[in-house]
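A short write-up of the structure that comes next.
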Amino acid sequence: MSNNRLNVTSAVLHIQRQRYRPRKLARSLLAALLLTFTAACGTLIERARVSNFPSPVAYVTAGPLPQASPTPTLLPLAKPTDLPATVVPKKLPLDSTSAIGLWSDRITDTQAFTGVVDVATGNASLAMQKTDLALVSLNERQVYTGYGDTITDVVANHRDWVLYDRNGKATYSSGDNSQPLLNIRNSEVITQLADDVHKLVYDGRYDGILITGVGNDLIRSNTPPMITGTNKFTDKQRQDAVEVLLRAIRTSVPDKLLIIGGYAWQDGAAYSAKPSATQDLGSIGDGVYIDQFLRAPISSTTSFKSESDWKKDIDYLAAISQDGKIVLISTRIANTGVSTDTVKQWLNYSVASYLLGKNGNRTYFQFDLAGTLAYANDPVLTAPIGSPQEGYTKLSSGIYRRLFSNGIVLVNPTGESKNTQFDTGYHLPGGTESITKVTMSAHTGLVLLKP
């Protein structure tokens, strides 16, 4: 390198890829409920033909269907005015103000994991707590589908527990065509989900629960109207249904952490569409989970958000992390066979973008490469960047910058190369050579440290 100049392209740094065996977290079912179904109904008959969501409308009653009422008349769901008091202090993750802060839902107890995380999910987190008492362990549960193995019994005995299409067939999630969509307005469904969460947390001795899929296929304003009987869900009724469910879950684990993820929280676009609802519902828990930071996991690795859409993700993170909430963030690449240079570009781009928006002292990042932990020991994830000294700034060059007590973070979210220079020298994490000016290629990020 000459003239203290750094060219930031997708080939600046190289990542040492370490392959581990990913283990898919088991989908927990309501065991007690399933035993009841089996005992009551005997041998299960073959499940009805799958009808995948989204469909134009969904019903929870069978038989001939009249036209939907132009004015919704669904009765409001009862909900408490106050959340339950915390019985004992919750165990909170370590303060991440002076570090990047890391979490993971990919660590398994069969891996030789050598990285450092503050929050982790699953059995492996319990094993890790034996040597790291500060680690926060979470179990995980999705709440929008269920009962796939006993759908015939559910339809026969608890028909209003699931949603149906216009032909009266149980409606299944487009993300998992083996699991029917749950009617989360139903009080028995709400009770069963809350009881299930309670058992997952207390029986497993976890510090809390990560709830995923909250409001899935229900909360988005662009979802086709869901129907109960002859009446449409309004946006308000959709939000109320999610709120009642979250309050019930909160009540079931009053002294444990409750982290909420789903459509209302998945990325900046979801947040900007309904910021008030997102914050109101998020306030019921102890934190939120942003699971599609900067990209959808299966999108092309050569496709990047526009600057304006990228900025929505950054501003969402800045807003949601500034009130002391726990914020878990994931940038995922589900594609396999991605070049090392492309992976490295995404790693640096996502870490730097995360640092631009991070405001809270309990905010944690995860980089997931095709379900592996190949990123675990990369220097950029353990860089001692220090605490932020200002909000992010857009320089005249078009590069976004944020100063930290022990370094500087730069991101070029545009499709063109940009240049900038510094009044003092910096060095790369793990490096020593002084850098005073950089050329940043399109869609690149850079974390630099003070000497």
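The values are calculated or read from the model by the stated rules, or taken from the named source; none is laboratory data. A quick note: this is a predicted structure, and the numbers were derived from the prediction, not measured. Here the Cβ is made from the backbone with ideal geometry for all residues, glycine too, and neighbour counts use every protein chain on show. Keep in mind that these areas ignore ligands, DNA and RNA; they rest on the heavy atoms of the full protein, side chains included. Shrake-Rupley method; radii C 1.70, N 1.55, O 1.52, S 1.80 Å.
Applying the criterion of being closer than 21 Å to Y316 by Cβ and open to solvent by 60 Å² or more (accessible area, probe 1.4 Å) to the residues of the stretch 393-406, the residue that is nearest to the chain's Cα centre (by Cα) is R401.
Within the stretch 202-217, residues that are open to solvent by less than 10 Å² (accessible area, probe 1.4 Å) reach partners that are at pLDDT 85 or above and aromatic (F, W, Y) with beta carbons closer than 8 Å, at six or more positions or on different chains, in the pairs L210/Y289; V214/W265. If you check A124 against the conditions, is it free of Cβ contacts under 8 Å to residues at least 40 places away in the same chain and under 23 Å from the mean Cα position of the chain (by Cα)? Yes, satisfied.
Checked against (1) modelled with pLDDT of 95 or more; (2) polar (S, T, N, Q); (3) out of contact with any strand residue (DSSP E or B) (no Cβ under 6 Å at 6 or more places or on another chain), T444 meets all criteria but (3). Checking each residue in the stretch 407-441 for being touching a residue at least 60 places away in the same chain (Cβ under 8 Å), loosely packed, with under 14 Cβ neighbours inside 10 Å and in contact with a Lys or Arg (Cβ under 7 Å, 6 or more places away or on another chain) picks out only K437.
Scanning the stretch 436-446 for residues that are over 17 Å from R402 (Cβ atoms) and of a type outside the set (S, T, N, Q) yields a total of 3. For the stretch 319-327, check the following and say yes or no: at least one residue is part of a helix (DSSP H, G or I) and either open to solvent by less than 50 Å² (accessible area, probe 1.4 Å) or basic (K, R) (or both). The answer is yes, given that some residue of the stretch 319-327 is part of a helix (DSSP H, G or I) and either open to solvent by less than 50 Å² (accessible area, probe 1.4 Å) or basic (K, R) (or both). Mind checking whether some residue in the stretch 303-318 is open to solvent by 30 Å² or more (accessible area, probe 1.4 Å) and within 30 Å of N183 (Cβ to Cβ)? Among the residues of the stretch 303-318, not one is open to solvent by 30 Å² or more (accessible area, probe 1.4 Å) and within 30 Å of N183 (Cβ to Cβ), which makes the answer no.
For the condition of a type in the set (S, T, N, Q) and within 21 Å of V438 (Cα to Cα), S396 qualifies.
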